[in-house]
Every structure is written in structure tokens, then in C-alpha cells.
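See structure below.
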Amino acid sequence: MTGWFSGHEILIQNTMVYFLLALSIQVPMRMGVFSLGGVGCYAIGGYVTADLLLHGVTGGVGALLISAVGGGVVGCVVAVLVRRVSGLYLGMITLSFVLILGVLAGNLGSITGGQSGLYGVPYSATSLSFLVVCLIAIAIVAASERGRIGRTTETLRTDHLLAASMGIDAGRWQLYALVASGVIGGAAGAMNVMTLGFVAPNDAGFALATTALTMVVLGGRRSWLGALIGAVIIQLLPSVITFLSPTQVVVISGVLVVVVATVMPDGLIGAVAIVWTLLRRAPKRLAGKPPAPTPVPAPAQGAGLRS
Amino acid sequence: MAQQLFNTLVLGSIYVLFSLGMSIGWGVLGNLNLAQGAIVMFSSYIASIVGKNHNFPFVVVLVIGSLVGGVVSVLMESVVFRAIRRSGGDEEELELRVVIASIAVASVIVALVSDYTANNTFFLQSNYLTSSYHVLGIRMTTLQLTIVGAGLILSGALDLWMRRSKAGLAVRAVAIDPETASLMAINERRLAQMTMFLAGALAGVAGIFLIAYYGGTTAQNSSALLVDAFAIIIIGGVGSIGGAVVGAVLFALLETLLTAYTSGTWAPAVSFAFIIVVILVRPQGLFASSRRKVDRV
């Protein structure tokens, strides 16, 4: 087990990075805000960290904090700019933001190393420190899934008219969501550089944005667990399963994503929740009792109504 | 300069064909099909395989390309998009799921073709319509003229069809209110398939023109075009045919000028900035759009 772990350590760190990246897309999506700004902050965090470490300005922890705060500031600026935009348009305007960053990264040679990127970044991150960062993120995000914040985000996603009539300021929550997304994305970008030791314009590309989005849709949008499942399936499994060719992996994961997007609106985790509910009720039905009157497809559905 | 403007017109015509299909699919059905780039590439790939060792005339190659594109697009509509739209839920959430599913389909198509071609460039059997003319100091080939002509004729015909024909009226009705449209004895399902076939067929024609114009293409070449098409649709307005034409020519002009007068690597950034400015200042595009505008009232 320890042998397997040390052989796959980079991969596991990489999966944690992708988990945070997925989380940065998922947090806004949870309240119905489709923003890819987190991917942009991931790129910014990556370049900031690479520059800081290469010039020896700060250590790893300092670079991580600066990247996270920087990501949050950028998220805030983006949120103010796009405050009147929503839906797919918001998704696409933030995608353009990501792609512009990619072009900037390719052209600002002295700061970003141009098309080849920045190489040989000195790093000393341990898997344990990565785990700590991930656990902190999970704790905060999981806390926001419950209570008042959880109900508010749920209402914003499922019914924005209801949310408005309850006095929830959608614009302000969009701002919060984009700032949180920026902080998480910036941290993920910093950690990515610490794992791989380099950053390149590819870290702000169309492919990365779609990968992040795919992880969230695959795992599920409602809980941090969905982001984790998505990251494990997309990032970890293909490298661990070695008996399939790369083409087969792409085809299988592509078909899986199509199936999930088509029949499982809440991702794999939502499907598991439904199966779990059915299994739990099955014995009662066999015993001759009438089925439960209220269909409960997933936890916390419509919680905002009852509060 | 005149030569460059002419080249812009050719490039713009290909962009028009490509983005028109995407634009009507999005505007009418709410299907933002990001597999459009993969369909373009797949159509030209199939045409290059079928045409191998046959000396088909160019028209036949075009028909093959448009059929392949149309069939793939209809398959996606019938198997995937329709199931997503029927599962109910928030309009924005459904659109997002369509986007994700189409990205996944595109990744499968691209992976399969790059596997079969081993990432090599594939070509059409012969070089078509290569005879060239000099008019007012501009060098133009028959192929270039055909592309410009096809862009004009097809977009004009589509516009006429949407405005004047009964089916076009039905399409516009579905775009505004699918439920009421179905009460008016409109078969929404068949109409959706028809729209998506048209969208795919236009992509197929664009694919054939692209491979013929550039002399060959690779499987990985499809995603760059996608972002361009997206910019064009945003500039022109979702679902607007005239908008797509103007957007495509504007975009091609911008790209040509930037490549000519700057180092070229900055060109994409300015196009993306254009997208951002248009969305911020005039989200419905420079021209009126269909479904979304109604939704947002």
C-alpha cells in the first residue's frame, strides 16, 4: 500500500488539485451561477506562485495564501463587471476571460515565460499539506451546504423568483459565489505549480475549462462529494487503469458523461442517493405497508420553502 | 489590401456556414451544440474516406459532407438533447446539460478519428476548383468564389425559408413558445430534428470547404473554430441569421487585420475581448435574438 502510494504520489496530489478546481466551479453552480472564473483564477494563481517561488520572494505557504487572496480579488472584480449577466451568457463571458488569460500568458514573455511557460519552479509541498488544504476547503464548503446558507443557495438554484420574493439578494450572492470560487481556484492553481513545477498557457485553456465542468457534472453539483467523485473519475482512474488505451479511456468517459448529463441531473451522487432511498423503502413495501406519501428523490430538496 | 479583403470574405463565408447552424440550434431549441466543431471535422474525414480512389466531382463531395453532418446532428438531437430537454427542470440547467453532453460527444468523435488517422493530416482525393483569375489585381480561385457564393446563397435561402415558408413560421413559433406551438398542431419533435439536420448539414458543408481550402486537416483541429463561432454568434445575436452573417464578416475582418498589422499572437485576445464587451453592453447581440430575449422580459 505504501509502495503504491509513493509510486502514485504526484497523481494523488494532482487529483487533489483537480478536486479544488472542480470545487471552484461547483460552489457558484450550487446557487445557479454558471461561471468559469475559477479556472481563470487557477491560471492566475499558478503564474503568481511560479513567479513568487522562482524569485524566492516567499515560501510555499506565503505563495499559496497570496494566490488564494489574489484569486478572490480577481473573482470580486469579475463579479462586479458581470453583475447584470446570468445563465449561459455568464458562463461564456467567463470562458472568454479564461481564454484571454491564456493569450496574455502566451504574450507576456518576461512575466509568464511566453508560450513555453515557467519551468523549474522550486517546490517542497508534501501530500500531507495538500490534504490539510483540501480538508479546510471541504470543511468550509460542507458547512455552507447546511443551515441558512445551504437553504439560501438551494433556493437560488431551484427557483430564483421564489428567492427574490423571500428577500434574497441574488446579485450579492453571485458576488459571494464568484469571490469564493476565485479563492479556491487561486489556491488550486498554486498547488498545481507546487506539484508539477511548471505552469504554461495551457493552464488557461478551453480544454481545462471543459474538464473542470465535466468533473462537476459527472460527480454532482450539490455536494463537495460530487466534486471529489468527479476528480477521482476524470483525473485518477484513467492513470490507474492501465489496461485500456488512451482512446478507449476518452471514449468510455465521454459516453459516461453523456449518460450522466442525460439521465442523472444531479450526477452520480444524485443517482446513488435515489437508489439508496429506494432500497431503504423496499422492505416496507414488501411488508404490505403503503409506500411513503412524499417522494424524496434527494436530500434538502425545497428546504428553502419550509424554513 | 484588396486581396486581403477578398480573403477575409472567403474566410467569413466559411465562418458564416459554420456558425449559422450553431446559432439556429441555440436560438430555436436552446441547444448550444459545442460538438459543431467535431461535426465539421468528422464530415470532412468521412468525405475523405469515401472519396478515396474515386474521382467524385466536388458537388458529390459536398453532398456527402452535408449528409454526414446532418445525420450526426440529428442523432445527437434524437438520442441525447431530446432526452435532456424532456427530463424537465430549469431552462438554464437544461441548456448547461446540453452543453456538457455535446462537449462529451465531441471528445468521443475527436478521440476516435485521431485514433484512426494516428493524428496525421487527412486530405480530399484531389484538389478541386483550382483555376484562378485576376480581377482588378485580386487573385481568386474558383473554389474561393464557390465558397463566397455558397455562403451568400445558403444564408439567404435559410433566411427566406425562416421568414416566408410555413415550416419557417413553425420554427419561429417553437423558438418563442414551444408549448403554445404544440397546441397549434406543430410537431415539435420533427421540427427539432429538421432544425438540427440543417445545422449539421451546414457544418458539413463548412467542413468540406475548410478541408478543400486549406488542403487538409487533422482531428485535433476542430476546437479552435468553435470559440470563433461562439464569438460570431454572440456578436450577431443568438438565432439571428443576418446577425451571424455580419458577425462572421466582422470577425474575419478583425482577425485578418490583426494578423496583418500586429505580431498575430494577440489576435485571439482581441476577439475574446470583443465577446466580453458585446455581452456586457448589449447581451442580446447586435441584432435581435429569439428565445432568450422573450425569456428575460
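The values are calculated or read from the model by the stated rules, or taken from the named source; none is laboratory data. If you're wondering where the values come from, they're calculated on a predicted model, not measured in any experiment. Positions of Cβ are generated from backbone atoms using ideal geometry, with glycine treated the same way; all protein chains shown enter the neighbour counts. With ligands, DNA and RNA removed, areas are computed over all heavy atoms of the protein, side chains included. Shrake-Rupley method; radii C 1.70, N 1.55, O 1.52, S 1.80 Å.
Key figures
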{"item": "Count - residues of segment B:132-152 that are of a type outside the set (Lys, Arg), open to solvent by 50 Å² or more (accessible area, probe 1.4 Å), at negative phi and in contact (Cβ under 8 Å) with a residue 40 or more places away in the chain", "result": "1"}
{"item": "Members of segment A:110-133 that are open to solvent by less than 40 Å² (accessible area, probe 1.4 Å) and not in a loop (DSSP other than H, G, I, E, B)", "result": "A:THR112, A:GLY114, A:LEU118, A:SER127, A:PHE130, A:VAL133"}
{"item": "Checking B:THR256 against (1) more than 10 Å from chain A (Cβ to nearest Cβ); (2) buried (at least 20 other Cβ atoms within 10 Å of the Cβ), the condition it does not meet", "result": "(2)"}
{"item": "Test for A:PHE198: is it away from chain B (no Cβ under 14 Å), in contact (Cβ under 8 Å) with a residue 60 or more places away in the chain, open to solvent by 40 Å² or more (accessible area, probe 1.4 Å) and under 23 Å from A:ILE10 (Cα atoms)", "result": "yes"}
{"item": "Residue among A:VAL77, A:VAL85, A:VAL73, A:VAL103 that alone is surrounded by fewer than 21 Cβ atoms within 10 Å (Cβ to Cβ), closer than 30 Å to B:VAL278 by Cβ, within 14 Å of another protein chain (Cβ to nearest Cβ) and at pLDDT 90 or above", "result": "A:VAL77"}
{"item": "Helices (runs of 4 or more DSSP H) completely within segment B:153-243 that count 1 or more residues being open to solvent by 20 Å² or more (accessible area, probe 1.4 Å) and within 30 Å of B:MET140 (Cβ to Cβ)", "result": "B:188-214, B:222-236"}
{"item": "Unmet requirement for B:ASN120, which otherwise passes all of (1) open to solvent by 40 Å² or more (accessible area, probe 1.4 Å); (2) within 21 Å of B:THR217 (Cβ to Cβ); (3) in a helix (DSSP H, G or I)", "result": "(3)"}
{"item": "Any hit, segment B:17-30, residues being away from chain A (no Cβ under 14 Å) and out of contact with any helix residue (DSSP H, G or I) (no Cβ under 8 Å at 6 or more places or on another chain)", "result": "no"}
{"item": "Within segment A:213-233, tally of residues that are within 11 Å of chain B (Cβ to nearest Cβ) and touching a residue at least 60 places away in the same chain (Cβ under 8 Å)", "result": "4"}
{"item": "Helices (runs of 4 or more DSSP H) within segment A:159-241 that include 3 or more residues of a type in the set (D, E, K, R)", "result": "none"}
